[in-house]
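The values are calculated or read from the model by the stated rules, or taken from the named source; none is laboratory data. Please read these numbers as outputs of a predicted model, since none were measured by experiment. Note: ideal-geometry Cβ built from the backbone for every residue, glycine included; neighbour counts use all protein chains shown. Heads up: the accessible areas ignore ligands, DNA and RNA and are worked out on the full protein's heavy atoms, side chains in. Shrake-Rupley method; radii C 1.70, N 1.55, O 1.52, S 1.80 Å.
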Amino acid sequence: MAANPSEKKETRFYYPSEEFAQNAAIPSMDAYWALCKEAEEDYEGFWGKLARENVLWHKPFTKVLDETNPPFYKWFEDGKLNVSYNCLDKNLENGNAEKDAIVFEADDGTVTRLTYRELHKRVCKMANGLKSLGIKKGDRVVIYMAMSAEAIIAMQACARIGATHSVVFGGFSAPSLAERIENAGAVAVITADEQVRGGRYLPLKAIVDDALAMIDDNKVKNVIIYQRTGNEINFVKGRDHWKHELTDSQSDVCEPEWVDAEHPLFILYTSGSTGNPKGAQHSSGGYLLWAIMTMRWTFDIKPDDIFWCTADVGWITGHTYNAYGPLAVGGTIVLFEGVPTFPHAGRFWEMIDKHKVTIFYTAPTAIRSLIKASTEDTMVAPENYDLSSLRLLGSVGEPINPEAWLWFYKHIGKERCPIVDTFWQTETGGHVIAPMPGATPLVPGSCTLPLPGLSISVVDETGQELPNGQGGILVINRPWPSMIRTVWGNDERYKTHYWPEELGGRLYQAGDGAIRDPQTGYFTITGRIDDVLNVSGHALGTMEVESVLSAHPMVAEAAVVGKPDDLTGESICAFVILKKELPEGENAKDVAADLRKWVSREISPIARPKEIRFGANLPKTRSGKIMRRLLRVIARGEEITQDISTLENPAILDQLKKSL
Ligand code: 6R9
């Protein structure tokens, strides 16, 4: 189990300002604990009340939670609703019709705005277009698009007619796309001719064509294409339809299809550490409820907020905090097509300034790369922009190291904005551990405490709860409304993977390691369980070592993996990105020696990386997660066989293959 050998602890708390606390949805820790107590005393009563108050039901539910067939839990089962109705029609009825729903900034800086009224019309036209092709409730539709209002329109249109969407991130290759289309049994694909990222045009439709050609039993009867660039594409008569031709003449009114609360709103594939990707199946009612509650509690959203979540709609963060959550609470979102470094690495700060963003939600990896960029070139530093509109910052996707947290806090939030470090997963549907920004005293590097209503623990390999201060496995003790319902088409995999027998079969295993602070009970995520290293019998979390390496003044980012070692069982190989240029020859050896000494001093000699390699960047998925599996292969000097199609810059692999 991941021990915590580090003596180094952040003890300073960061408190919200009085003004922030006063206006917050949860204004104090007392208010937070009161909600927790309410849930503990009457679990179903707590969730039932929230669901009645926050979701519009076509037919009210009579039972909150059905636990008769664990782990196949059902929430609000006999209630009927429509998620798109809750996101759009609701806003036409409550005075938000002329409010901007989406402010879209294209790669080249062009801005398009869509009010709730316009968005509603566009979604209805699309929904009617899909219906005209015979697509109906229960059908699966794969959406393979880039960041665009069109992608959200496609998702909302599916929700409107009760079709289950499965968004596949636009960076996936044809084989990965084919695997997902096939597994979902999709009847249609919605895509674009091309996508634009960082000034480059990249194919989408051509990849759909390739993917469809790879599937034997192809159920896809229709491909709908949004014309983004207008470049020529292959067009299959009878199967392919331009989106504008399909929808232009459709009515802009479309009655929503009322579905059961448990009706699958979407399937989202997540790649596990082994085997094929798993299709996480989400519900309509419970999922929507949690998207709404976390918008209110974690993001403290207010009518005047401009909310910018930088996550692509191809990931869960883009689902819950772009396509659904903000719209369901009548928010205004900024949606960005491009990349943070084009045309320059100050783009994020420039956009915050331009759109007067108030809540900014991004990933640690983006923060770290922008710290590096602003060290190299002060022209792109945040100090060149007016960031005074910001009032709240958020982080998601990976543990945020204290170093990056403090930079974010100081340089972006100007020591004024709380940071919500939100821990959650594709499978949890929304945040599960995160600070309440008006209440929780913050500690850099900790996602703090569970959201009200959630019961979360750290346990050992047998499912026994561990005392605070002892690292173990993170589990969720009770079902919660936005939880994954099953692995699409594979109930057995859902059961064995997430509810392991070893832990007693009744605890949801997130797959992450965690440790709770002895004083505060705050959670710190130590990394995926499979990222634990064992050096000479000592367990070390990769995050632990990475965080210390990243705290070295010269280091921008670091990743650590294990490698078999005759002497110590496993040894540590660290991949390090420096803030300045790539070191070479003797210089590289000196820097490496310095870093080893540093880790030795900060953690212990056991954690000292045996090998250190330098590169200009780390291999990451486009959702910003370091591909440690790939790094393990490189560290071992093995052949790379895995899919690296989502890699931004494959050339860095050659740098990282070189040992000093
Ligand atoms: C939302 C999302 C889930 C995995 C999760 C964990 C890591 C996400 C984190 C975090 C530490 C945070 N993770 N947020 N680790 N602190 N605030 O990223 O979903 O793509 O399914 O990834 O990401 O390891 O288990 P998903």
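Structural remarks
- Spin-label model distance (nm) - E41 vs T68, 7 Å beyond Cα toward Cβ: 3.0
- Only helical runs count toward this figure. For the chain, summing -39,500 (n - 2.57) over DSSP H runs of n ≥ 4 and dividing by all residues gives -8000 deg cm²/dmol at 222 nm.
- Summed side-chain charge close to L204 - residues other than L204 whose Cβ falls under 9 Å, Lys, Arg +1, Asp, Glu -1: 0
- Our coupling estimate for the stretch 224-233, obtained by passing each phi through the Karplus curve with A = 6.51, B = -1.76, C = 1.60 and θ = phi - 60°, is 10, 10, 7, 8, 8, 10, x, 5, 5, 10 Hz, Gly and Pro reported as x.
- Centroid-to-centroid separation of the stretch 408-443 and the stretch 76-126 [C-alpha atoms, Å]: 26
- Phi angles across the stretch 476-492 convert, under the Karplus curve 6.51 cos²θ - 1.76 cosθ + 1.60 with θ = phi - 60°, into 3J(HN,Hα) values of 10, 7, 9, x, 9, x, 9, 5, 3, 8, 5, 8, 3, x, 8, 4, 4 Hz, Gly and Pro given as x.
- Cut-off 11 Å between beta-carbons: net charge of the residues surrounding A373, Lys and Arg +1, Asp and Glu -1: +2
- The H on the amide N of S166, modeled in the peptide plane, is under 5 Å from the matching H of V141, V142, I143, I267, each at least 5 residues off or on a different chain.
- Using the 1.4 Å probe convention, the accessible area of the chain works out to 38 Å² per residue with neighbouring protein chains retained.
- On Cα atoms only, tilt of 43-54 relative to the major axis of the chain in degrees: 60
- Whole-percent P(r), the stretch 43-109, all Cα pairs, 10 Å bins from 0: 17, 34, 25, 16, 8, 0.
- q = 0.05, 0.10, 0.11, 0.12 Å⁻¹: log10 I(q)/I(0) that the Debye formula gives for the chain, counting C-alpha atoms only: -0.21, -0.93, -1.15, -1.40
- To the nearest ten degrees, helix 174-184 and the longest principal axis of the Cα atoms of the chain are 60 degrees apart.
- Isolated cysteines of the chain, defined as having no other cysteine beta carbon under 4.7 Å away, are C36, C87, C158, C309, C417, C447, C573.
- Above-threshold pairs, the threshold being 32 Å between Cα atoms, out of K137/K243; K205/K495; K125/K237: K205/K495
- Between helix 285-297 and the chain: long-axis angle, C-alpha atoms, 0 to 90°, nearest 10: 60
- Local electrostatic count, H344, Cβ distance below 11 Å [Lys/Arg +1, Asp/Glu -1]: -1
- Using a probe radius of 1.4 angstrom, the carbon and sulfur fraction of the accessible surface of the chain is 49%.
- For the stretch 536-657, the antiparallel share of DSSP beta bridges with both residues in that region comes to about 75%.
- Packing-based ranking, highest mean first, of 461-472, 568-579, 599-610 given that Cβ atoms within 10 Å are counted: 568-579, 599-610, 461-472
- For peptides 247-258, 170-181, sequence by mean Cβ density within 10 Å, most packed first: 170-181, 247-258
- In Å, descending, principal axis extents of the Cα set of the stretch 447-517: 39, 26, 15
- Protection-proxy order for peptides 214-221, 323-330, 103-110, each taking the mean of Cβ atoms within 10 Å per residue, highest first: 323-330, 103-110, 214-221
- Using only alpha carbons, the stretch 536-657 has a radius of gyration to Kirkwood radius ratio (Rg to Rh) of 0.94.
- DSSP-defined beta bridges in the chain - what % are antiparallel, rounded to 5: 55
- Computed from backbone phi, the HN-Hα couplings of the stretch 445-459 come to x, 10, 7, 6, 10, x, 5, x, x, 9, 10, 10, 9, 10, 10 Hz, rounded to whole numbers (Karplus: 6.51 cos²θ - 1.76 cosθ + 1.60, θ = phi - 60°; Gly and Pro given as x).
- Proximity of backbone amide H atoms, modeled 1.01 Å from N, is registered between Q195 and L202, L204 at under 5 Å, excluding neighbours fewer than 5 places apart on the same chain.
- Length available on full extension from R636 to K414: 0.36 nm per residue minus the Cα-Cα distance, which gives 75.6 nm.
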